[in-house]
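The values are calculated or read from the model by the stated rules, or taken from the named source; none is laboratory data. All values reported here derive from a predicted model rather than from experimental measurement. All Cβ positions, glycine included, derive from the backbone under ideal geometry; neighbour counts span all protein chains shown.
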Amino acid sequence: MHDPHSDRMSGSETRAAGGLALVFAFRMLGMFMVLPVLATYGMDLAGATPVLIGLAIGAYGLTQACLQIPFGILSDRIGRRPVIYAGLIIFALGSVLAANADSIWGVIAGRILQGAGAISAAVMALLSDLTREQHRTKAMAMIGMSIGLSFAVAMVTGPLLTRAFGLSGLFLATAAMAVLGIGLVAFVVPRSGGPLQHRESGVAKQALGATLRHPDLLRLDVGIFVLHAILMASFVALPLALVERAGLPKEQHWWVYLTALLVSFFGMIPFIIYGERKRKMKRVLLGAVGVLMVTELFFWKFGDSLQALVIGTVIFFTAFNLLEASLPSLISKVSPAGGKGTAMGVYSTSQFLGAAMGGILGGWLFQHGGLSVVFIGCAGLCALWLAIAVTMREPPYVTSLRMPLSPEAIREAGLTERLRAVPGVTDAVVVADEAAIYIKLDTEILDRSSLERLVNPASETCEA
């Protein structure tokens with residue numbers, strides 16, 4: 001038996017986190033690998049137009065956005081694994097459909113079906129079922145890293161795979177990854193004792209209304225919508241600019257993305273450290289959005305040589321990766337106690353809607369005005385985001401905690417009010433059906449052990 005309060009993840013927790021991180025990574029690889037190649041290779045498909053290429057790039061986001069939260073709720077009812085297996089099978093079928101398509105409409109249908117395998121919420125919920133409170137943040141971080149890594153790998157392997165095996169080979173590779181994901185869930189990820197009631201790991205219907213009315217959460221949802229719209233629209237234009245303006249054959253684009261992603265990964269780290277340590281995340285966010293806007297204008301005005309496009313791509317990915325890493329952390333800080341799972345569900349839905357809209361908008365702008373209009377349109381989206389983000393308050397620098405409560409503590413009247421009056425505690429909510437209290441606190445003002453003595457002297461503190 002493992003000590004329930006041990007500081008180290010148990011073997012089964014490590015297997016759960018590692019296995020599910022790989023499932024996420026394989027699926028995201030399949031989504032992202034087409035990004036750098038569809039605009040260049042897709043034009044050879046029957047019926048292809050820039051608008052339809054844009055739709056093919058973003059189409060998965062439409063079904064993903066619509067089905068992610070319902071699939072998460074379904075996994076509470078029928079179990080996590082059946083939903084995850086079904087989602088991966090649907091994703092594999094979409095990949096096979098796209099691989100066998102000889103027209104752009106077949107690829108669009110395949111991408112829509114890929115997105116219908118919307119398992120993100122169910123995977124996160126299964127991870128919560130399989131990890132103890134104090135290790136859940138670490139396990140979630142492993143999944144976050146796997147998504148970032150899969151994006152970087154996809155940008156490089158997408159062009160290399162397509163060069164070797166064509167678009168159909170690329171889609172068949174994504175189908176194979178979905179099958180590998182099924183194997184991981186079946187043979188590597190440990191069994192769980194059943195769904196865990198936990199407000200931070202999924203969408204709680206009770207918290208949905210408050211989340212949709214929260215002004216700062218809405219600003220962040222608009223932010224991720226715009227960020228992924230810009231990413232998809234830029235990938236309608238950027239591969240074409242490399243071919244048409246810089247004369248770089250499409251088979252060689254991989255090294256541009258590899259250079260950009262390596263430099264940008266190291267380039268963004270000092271800004272994240274500065275923002276967190278100095279508590280200036282709003283300044284970092286606004287700066288990165290401003291840089292993204294200037295980069296799009298740079299592509300428009302100066303992006304007619306290989307050197308300029310490579311420099312622009314490096315700066316673009318530095319700002320993009322910085323924002324992609326910062327926004328979930330801001331959601332976690334800003335969301336009310338016990339509302340992080342719901343806030344992340346709405347945030348992910350906004351992200352996928354942004355991807356869908358960005359692909360469609362990028363294709364439409366390119367068809368009606370060429371590359372320059374796509375870059376100007378992306379700069380305009382950045383300006384809109386900047387105008388909305390400027391009004392955001394500096395986020396609270398808080399940690400989310402979930403503590404089990406004794407029956408006596410649950411019955412105690414005024415526990416949440418008493419806790420909210422404690423310096424350093426910014427929010428607290430008792431969830432009686434979980435026999436737990438969710439608290440947000442500033443660890444620089446209040447240490448956890450003092451808080452523990454206030455709430456439940458007999459139990460342990462656990463991080464959500």
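Values as computed for the structure displayed
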item	result
Residue match in segment 93-115 (condition: under 17 Å from the mean Cα position of the chain (by Cα) and under 29 Å from S332 (Cα atoms))	yes
Residues (over 30 Å from V284 (Cβ atoms) and among the charged types (D, E, K, R)) located in segment 383-417	E408, R411, E412, E417
Residue match in segment 364-378 (condition: modelled with pLDDT of 95 or more and within 23 Å of the chain's Cα centre (by Cα))	yes
Residues within segment 45-68 that are assigned to a helix (DSSP H, G or I) and surrounded by fewer than 21 Cβ atoms within 10 Å (Cβ to Cβ), tallied	2
Set L285, L261: member being in a helix (DSSP H, G or I), aliphatic (A, V, I, L, M) and either in the same structural domain as I69 (by TED's automatic domain parsing) or under 24 Å from I53 (Cβ atoms) (or both)	L261
Flag for A154 being within 27 Å of S264 (Cβ to Cβ) and either modelled with pLDDT of 95 or more or of a type outside the set (K, R) (or both)	yes
Boolean, T162 is touching a residue at least 24 places away in the same chain (Cβ under 8 Å), among the β-branched types (V, I, T), in contact with a Leu (Cβ under 6 Å, 6 or more places away or on another chain) and farther than 22 Å from D76 by Cβ	yes
Hey, A25 among the small types (G, A, S) and buried (at least 17 other Cβ atoms within 10 Å of the Cβ) or not	yes
Residues within segment 394-424 that are under 21 Å from T137 (Cα atoms) and either modelled with pLDDT under 75 or under 28 Å from the mean Cα position of the chain (by Cα) (or both), tallied	9
One residue from P190, P215, P195 being in contact with an Asp or Glu (Cβ under 9 Å, 6 or more places away or on another chain) and at pLDDT 85 or above	P190
I143, sole failed condition from (1) surrounded by 18 or more Cβ atoms within 10 Å (Cβ to Cβ); (2) free of Cβ contacts under 8 Å to residues at least 40 places away in the same chain	(2)
